[in-house]
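Undergrad: I have a structure here, written as structure tokens, and I will follow up with some questions on it.
The values are calculated or read from the model by the stated rules, or taken from the named source; none is laboratory data. Because the structure is a prediction, the values reported are computed rather than measured. Quick reminder, even Gly has a Cβ in these numbers, built from the backbone with ideal geometry, and neighbours come from all protein chains shown.
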Amino acid sequence: MNSPSTNTQNPNLIWNFRPDFPTASLPPILQNVIYAVKANTQAPLVLVVSSALAAISLACQRHLVVRRPNGLEGPVSLFSICIAESGERKSTVDAIFTKPIREFEIAQEKKFSKKLNEYFAELSAWKIEVKAVSSAIKKHKKQNECNVSLEEKLAEVLLREPRTPNKIKLLYSDTTPEALQYGLSENGKSAGIFADEGGIFFDGYGKGGLPAYNALWSGSSINVARRSMVSFTLENARLTMSVMVQEKVFQKYLAQHGDLARSNGFFARCLVTYPCTTQGTRFLQNQLPLTEPIDTLHKRLTEILEHNEKTDVGMITLIFSGDAAQRWIEIYNQIEGRLGPNGYFADMKDFAAKMAENIARVAALFHYLENDDGEISLVNVNRAIDVICWYAEEFRQLFVPPPSIPAEQSDASVLQHWLTQVVGMQGCRIVKKNSVLKLGPYSLRSKKRLDAAIEYLAVQNKLVLYLGDRFGNMRFDGKTTWIDFNGMCQQFTPVGNKYLS
């Protein structure tokens, strides 16, 4: 099976018309904050959207599971890659949306310090108790006395060894896959890679961690084998990814590792976008920054993060309402039906295969952001469909090469340009076919290619062939084939029956 190809030939990545992001499909709380952050920073809209979705994903992922209508369950985590040049204010936008997460980490750090002091005190008391019971057992052994009860007490004391408190760490930027896995094991099983300078990720540790990242996106267990430390199994861990990278770095990665990243499904899991730059249009205006929508989102994310402390990983399972489930099944089947040969998703089966799951995740996040009770509604499923379908078009623009133009169509375009701009500008409307073979564009000095190009234009009624004399007069017994391209140059007024010999 051939691996999916990456569109590495286009130096500018985007080659076609791009629809606007469906901002109206976002929940009101998210719409308001997107517009506020965009107004305050003048960063590209899609950069703002991707950063917001990633922050919401990280806040919610620890305790949420979404059960899709086909009965399968999975995390709500999102992977996001935003291709943006230096100066697009990636760091500024990232700092705004991760502020409540960073503040939560600081608060947890203070709690951890207090718990650590308590742990050391408990550990000291426990060690004294262990030593006392062990000494009593030794004393009884020297006196040949039965010490069954003391041995039982020692076993009971050993079982009460204080546990080292977990340190909550949510945000990672420059970390190896190994360090990330260990951090997830020891520090709360929920984390986010937020790299506003994605060169570190794509040039460094990101290349070797793709299988682990894929497993974490899916919620699968990971067996971590270590040489210098005890091996362990990472279960129920959650990972959000938000990587912002410059085009040259991303292009280099595509050229070297793009086929691997697509064939193993990493890019298929990612919501990748390349926003249009706003540089050169970010003029200052005399207005105060918008803060209320941002504060509202920060407050909601803080509530969600604090709720994480009271629940285990995957404690809350979100399900679809009846009409929402029916709609999800409908879109799932539509996507599946377009995966076949010549189907709309035939060239991007990898991404399309994950679309329905990403729709479920985004719908769950929209639902929980607005309201943490009840079932996922039809409204939020439709919102998620609009968002993920937009990202699907971005994926197509970035990874699916533009369709090749048939040779006869390309040649017809060359012929049309030559006839109108070279021959037509001389006031002619007819030309000998042999003159095209001798004097025309080099690529059309082949009878076979010229005939195909003429036929293509003739079908569109842009030119006609006829037999005539050597002056261009139509004669059934004529021996010269003429091309009349008046259909392409109506703007020229022929003088008599001018022709190019």
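Undergrad: Select, from 438, 462, 432, 447, the only residue that is of a type in the set (Lys, Arg) and in contact (Cβ under 8 Å) with a residue 60 or more places away in the chain.
TA: 432
Undergrad: Test of understanding: among 380, 308, 358, which residue is in contact (Cβ under 8 Å) with a residue 24 or more places away in the chain, in contact with a helix residue (DSSP H, G or I) (Cβ under 7 Å, 6 or more places away or on another chain) and closer than 22 Å to residue 238 by Cα?
TA: Details: 380 fails: closer than 22 Å to residue 238 by Cα; 308 fails: in contact with a helix residue (DSSP H, G or I) (Cβ under 7 Å, 6 or more places away or on another chain).
The unique qualifying residue is 358.
Undergrad: Condition first: among the small types (Gly, Ala, Ser) and within 13 Å of the chain's Cα centre (by Cα). Now tell me which residues in segment 64-85 satisfy that.
TA: Residues satisfying the conditions are 77, 80.
Undergrad: Quick one: which residue in 11, 69, 4 is modelled with pLDDT of 95 or more, over 16 Å from residue 387 (Cα atoms) and either out of contact with any Cys (no Cβ under 7 Å at 6 or more places or on another chain) or not in a strand (DSSP E or B) (or both)?
TA: Details: 11 fails: modelled with pLDDT of 95 or more; 4 fails: modelled with pLDDT of 95 or more.
Only one candidate passes the filter, namely 69.
Undergrad: Let me ask something else about it. Tally up the residues in segment 39-52 that are modelled with pLDDT of 95 or more and surrounded by fewer than 24 Cβ atoms within 10 Å (Cβ to Cβ), please.
TA: 1
Undergrad: Let me ask something else about it. Does segment 376-388 contain any residue that is in the same structural domain as residue 75 (by TED's automatic domain parsing) and within 13 Å of the chain's Cα centre (by Cα)? Steps first, please.
TA: Pass one, segment 376-388, residues in the same structural domain as residue 75 (by TED's automatic domain parsing): 376-388.
After this cut, where a residue has to be within 13 Å of the chain's Cα centre (by Cα) as well, the list is 387-388.
So far as segment 376-388 goes, yes, one or more of its residues are in the same structural domain as residue 75 (by TED's automatic domain parsing) and within 13 Å of the chain's Cα centre (by Cα).
Undergrad: Show the residue pairs meeting these rules: Cβ distance below 8 Å; 6+ apart or different chains; first residue within segment 67-82 and of a type in the set (A, V, I, L, M, F, W, C); second residue in a loop (DSSP other than H, G, I, E, B).
TA: 76/61; 81/198; 82/274; 82/275
Undergrad: Would you point out the residue of segment 381-409, among those that are of a type outside the set (Gly, Ala, Ser) and closer than 30 Å to residue 446 by Cβ, that is surrounded by the most Cβ atoms within 10 Å (Cβ to Cβ)?
TA: First, pick out the residues of segment 381-409 that are of a type outside the set (Gly, Ala, Ser): 381-383, 385-391, 393-403, 405-406, 408-409.
Subset that is closer than 30 Å to residue 446 by Cβ: 401-403, 405-406, 408-409.
Numbers: 401: 13, 402: 12, 403: 8, 405: 11, 406: 11, 408: 17, 409: 13.
Step by step, filter segment 381-409, then rank; the result is 408.
Undergrad: Filtering segment 248-261 down to residues that are at pLDDT below 80 and crowded, with 16+ Cβ neighbours inside 10 Å, which residue is farthest from residue 84 (Cα to Cα)?
TA: 259
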